[in-house]
1. Got a sec? Which helices (runs of 4 or more DSSP H) wholly within segment 123-216 have at least 3 residues that are open to solvent by less than 70 Å² (accessible area, probe 1.4 Å)?
2. Quick check: is even one residue across segment 82-101 under 15 Å from the mean Cα position of the chain (by Cα), touching a residue at least 40 places away in the same chain (Cβ under 8 Å), under 21 Å from Val222 (Cβ atoms) and in a helix (DSSP H, G or I)?
3. Within the set of pairs 6 or more residues apart or between chains, which connect a residue that is farther than 14 Å from Glu215 by Cα inside segment 169-182 to a residue that is assigned to a helix (DSSP H, G or I) and at pLDDT below 90 with Cβ atoms less than 6 Å apart?
4. Please work out if Leu79 is surrounded by fewer than 20 Cβ atoms within 10 Å (Cβ to Cβ), in contact (Cβ under 8 Å) with a residue 12 or more places away in the chain and assigned to a loop (DSSP other than H, G, I, E, B).
5. Does Ser156 meet the test of being farther than 23 Å from Lys108 by Cβ, at pLDDT 90 or above and under 17 Å from the mean Cα position of the chain (by Cα)?
6. Given the criterion within 19 Å of Glu215 (Cα to Cα) and of a type in the set (A, V, I, L, M), identify the matching residue among Ala92, Ala131.
7. Can you pull out the residues in segment 11-60 that are over 22 Å from the mean Cα position of the chain (by Cα) and either under 29 Å from Arg103 (Cα atoms) or part of a loop (DSSP other than H, G, I, E, B) (or both)?
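The values are calculated or read from the model by the stated rules, or taken from the named source; none is laboratory data. What you see is a predicted model; the values in this text were computed from it and never measured. As a convention, Cβ positions derive from the backbone with ideal geometry for all residues, glycine included, and neighbour counts pool all protein chains shown. For accessibility, only protein heavy atoms count, side chains too; no ligands or nucleic acids. Shrake-Rupley method; radii C 1.70, N 1.55, O 1.52, S 1.80 Å.
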Amino acid sequence: KVTMRGGKRKPTVLYNSVQHAREWIAAETNRRLFTYVVSNKKNNGTDIPKILRDTELWFVPIVNPDGYDYTFQSKATRLWRKNLRDVNGDGAIAPGDGVDPNRNWPVKWNYDLEGSSAESTSETYHGTGPASESEVAALEALTKRIKPKFQIDYHSFGNLILYPEGWQVETKAGDDPLFTTLAGDDRKPAIDKYDPDLSAELYTVNGDIADNSLEKFGVQAVTVELDGDRDLSRCLDRH
């Protein structure tokens, strides 16, 4: 948590990344955002001091720590996506193990088999039940406790700003006017060279974090799909 001292409760923003273990660029982007905020908290040449006087910023750079560590084990594990759930209970992690944390959130969990999979061999395996995975349960508990007003879930890659709903094509959230204002449109996106759209326009997904945060906690949650290592250089140039 980064904020300025103050007695009253402040609105909260949550930045989280690496639900999917292999998305290293998301971790580094979130870490550098945190570093930028901390290093400029007293720099009145930026907007950071004012933001921190009025807001709490929470950073969770690695939602899926075991899976993330596993991607560093060898070249063969570099593209591991899921967590390290030992699905078959044989005491070893192998293809067919793991649950996709971003299909395990309670809202619309297992709504259909297009937005997630019931097969453990699938990269989008949704687990045995809603929030069955400790990573999801922990972040949901934090979300419930800090009650963020806004949330960014960083992924890679694709140059996209995605917002609810994701569980069904052409289904807009009740807060769609606010989402389109925040994310922009094709003519004027909030982030240059990024495409803002309903999450389901990319592909349908159920049990994902953005729909869950919006429907359960009223959070204006968006997913940002980063653009490989070029994002870091652009971020450094900007800051």
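1. 134-146, 176-183
2. yes
3. Val169/Ala200
4. It is true that Leu79 is surrounded by fewer than 20 Cβ atoms within 10 Å (Cβ to Cβ), in contact (Cβ under 8 Å) with a residue 12 or more places away in the chain and assigned to a loop (DSSP other than H, G, I, E, B).
5. Yes.
6. Result: Ala131 is the single residue among Ala92, Ala131 that is within 19 Å of Glu215 (Cα to Cα) and of a type in the set (A, V, I, L, M).
7. Across segment 11-60, the qualifying residues are Asn40, Lys41, Lys42, Asn43, Asn44, Gly45, Thr46, Asp47.
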